[in-house]
Structures are given as structure tokens and as C-alpha cells.
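> Please find one structure pasted underneath; my questions will follow.
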Amino acid sequence: MKAIASTCALSIVAAVCAGNAGAQSHPVTAQQQAIAQQVAQQGVPLSALAANAPDSYTVRKGDTLWRISGLFLRQPWRWPELWGMNMQAIANPHRIYPGQTLYLERSGGYARLRTSRSGNETVKLSPRVRSESLADLAIPTIQMHLIEPFLAEPLIVQELTLQQAPRLIASADERLLMSPGDEVYARGPTGQPFVALDDDQRLYRVFRDAKPLKDPLTQEVLGYEAQYLGKVELQAPETPVSAAATPEAANTETAKAAELAYTPAILHVAQVKEEMRPGDRLLPEPPRQYHSFTPHAPADPVEARVVSLYTSNALRYGTENQVVSINKGEVDGMEPGMVLSLISQGRQMLDKTEGRKDKVQLPDQANGTGMVFRVFDRISYVLVMDVRRGVLVGDKLINPQ
């Protein structure tokens, strides 16, 4: 009964956090909030601990929150309960650093995790003579190298966004394909010369061929995924030039009637993943962000479907440590850190064992776990944390069991 109460309390806490984060909100009374705070801060029942949960653990470089959570818990998504997190803490988790020691306290049938040190702003890096901010040293939620390409590319956009973005038109040496170090030229859409909207905005990402991502159930287009090609750096903006070449000619009737011409923006190719060519589109490079989030179960029921796979091989199924996209996004209450159970759809078969051909629907099978790490309006990216069989387009994702 206590375990049920603890789970319910966490659901209330997560629901309030989702509301604060701009996701779907649901009415939560002051009394429910108080109960959620009280129960969630008790920690987890002892029965929720992993079989060999250590009494203490010293965080090492290379650790992740997910791995450490699995050392202590049977269900790693109950990390907020293990810390006794309140509502604000789930949305804004404290950071954990290599060298810190985590202590497991057991009391009154519950367990909580504590740290041996408060989060100081700086740490001495002996034998260096300087202090450095701890922000960049904190361990990540999951292995960042697995998701880094998806934090910048590909990109989910509305088709109109790319259509109205600046475009490459040529390279200085008139080559069709553009490579690192090349000087290239670009223009904005008609009537909107390509200029930096911000003085500090110099880097742009280059994209091509936005392909539609369709809901596997309804075939509705949920967004367009653009192919990431690389980066370019703006050297000079697009500028208008008069057709009148000299001051003397400026007052002639010919000059007055002349249409305005443009000198294209000048850019240098800074980084190439795939070769660029005229017609490719440019979008501003976003500021680098610290991607930290708390593994947690959704507050509300979720039933999502796999839309697309991103495999590093020719296989048609996804495996552990690979990324899939799903048909739920911010408008559906998705947020980074949400943990979902992967479900393989039971196939249809013909039962021929008694000489007949009866159609039989085999049951769905639990297949593993995934974690949401990037959210768009109607699409989210999910990292497959563990899986028993391959993940297929159309497979379900539901609340963790």
C-alpha cells in the first residue's frame, strides 16, 4: 500500500512539473500537492531497491545518472523518489559530480539517497592554480555521444520554415559541390536579403530535403525532418546595389527605372558532414545548452508509436543505444527525461494446427526501455536504453511497467 501511495504521489509531482514546463496541465489541489510532497520526500520503499544496492557509491568520470540509478533501483525511472525530490527539483535537478560520494539511507521501511557534499559553485583542480565552474563537469543523464548528433541534427521543422530560409546559390570557384574552407554565396527569400538578425549570429547550419514524418496510425504529417549537412560562417551580409554604376549616371532616367540588384552574402564552409550544393538551406546555429534532465515516469497515460528509426546499419529495426522518433511531442506532454516502455506488436498469424486457417492475433510483448531526450511540437526523439528484440516502426511506447 505504501508503494502504491509513493507511486501516486510521484505522479502528482510530475503532473505539476509538466504544467510548469508548459506541457499538458491538470488541476492539482493544494491538499494533493502537500500529500505528494510529503510522500515523495520519504524516498522509495526498500522493496524498490536493486538486489545488490550499495550502501555508498563514489561517482566516477564517465558515469551517467541512468547507470547510477540502476545501481540502486530495480526501476531506474524512480530516481526522483530515491532522492526525495520535490516538484521544483524534478524540473530543475541538482547536479552530481565525479568524486562525490552518494550514501543510501534506510529508515522506516524507506530508502533515500544523499550526497556527502553540497553543490559548491567551484572546485579546485589541483595542482592547477585556478578554479573552474562545476557546470561542465557534472555527469550527464545518459551518454552524450549517443545523442549529440540529434541535438543539432536532424531538425524537425514545418515545411514553410525551410522554404523561407536563406539558400546557398554558388561557390567562388563555381564548383557544384562545396567543401570545407570554400567561399560560398547565399541569398535570402524574395524581398528579404540575408543579413544576420543578431550581431553575434555568424554560424549557420546547412540542411536539405525535408522529408515528411507521418503518424504510423493515421498517416498524418507530424512535421518535416531536414537532413543536416554541416555549418557555414557568415562573412558579409547580402546587400542591395543600384544598377547605376557611377554618381554621374545616378540621375539618368535609365538608372531611375533600373531594378534593384543584390550582392549575395559571403560565407565560409566551416564544417561538412555531407557535401553541400546550391539550393541547400541555412538556419541559425542555436546556442549551446547544458542538457540535464531527471529520469522519470510520465504523470499521465502515454501510448506513442515509433515513427522513424535511425540505425547505423542496413537493418530495418532499431537496437540498444540507437535513436527512434515517436508520434508524441510537447503538445502531448512529452518532456526530456521521460522514460517509456517499448512494446513489440504481436503479429497476426494463421493457426493451421487443426487443418483450419484461423486468424490469430498474438499478444504484444514488453521489449525494453526508452528515454525521451529531445522534444518538438508533435515529434520526440527517444534513446533506446535497453531492448530484447529489434524495435520496428509502429511499435508502441507506454508508461513504464
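The values are calculated or read from the model by the stated rules, or taken from the named source; none is laboratory data. These numbers come from a predicted model, not from an experiment. Neighbour counts run over all protein chains shown; Cβ positions are idealised from the backbone, glycine included.
> Would you confirm whether or not the range 352-367 contains a residue that is under 18 Å from Pro154 (Cβ atoms), part of a strand (DSSP E or B) and either among the small types (Gly, Ala, Ser) or assigned by TED's automatic domain parsing to the domain that holds Val157 (or both)?
no
> Continuing with the same structure: Please go through the range 291-330 and pick out each residue that is in a strand (DSSP E or B), at pLDDT below 90 and crowded, with 22+ Cβ neighbours inside 10 Å.
The one that is in a strand (DSSP E or B), at pLDDT below 90 and crowded, with 22+ Cβ neighbours inside 10 Å: Gly318.
> Conditions: (1) assigned to a loop (DSSP other than H, G, I, E, B); (2) modelled with pLDDT under 85; (3) at positive phi. Leu176 meets all but one. Number of the miss?
Among (1) assigned to a loop (DSSP other than H, G, I, E, B); (2) modelled with pLDDT under 85; (3) at positive phi, the lone unmet condition for Leu176 is (3).
> Also: Taking Gln201 as the residue in question, decide whether it is under 30 Å from Ile326 (Cα atoms), out of contact with any Leu (no Cβ under 6 Å at 6 or more places or on another chain) and not assigned by TED's automatic domain parsing to the domain that holds Arg374.
no
> Please indicate, with yes or no, whether at least one residue in the range 339-359 is farther than 13 Å from Arg305 by Cα, at pLDDT 95 or above and not charged (D, E, K, R).
yes
> Taking Asp377, is it in contact with a strand residue (DSSP E or B) (Cβ under 6 Å, 6 or more places away or on another chain) and modelled with pLDDT under 95?
no
> Has the range 331-342 got any residue that is in a strand (DSSP E or B), small (Gly, Ala, Ser), farther than 19 Å from Glu148 by Cβ and over 16 Å from the mean Cα position of the chain (by Cα)?
Yes.
> If you take the residues in the range 136-168 that are of a type in the set (S, T, N, Q) and touching a Phe, Trp or Tyr at 6+ places or on another chain (Cβ under 7 Å), which one is nearest to Lys273 (Cα to Cα)?
By that ranking, first place goes to Gln158.
> Right, another one. What tally of residues in the range 152-190 results from selecting those that are of a type outside the set (A, V, I, L, M) and in contact with a Pro (Cβ under 6 Å, 6 or more places away or on another chain)?
4
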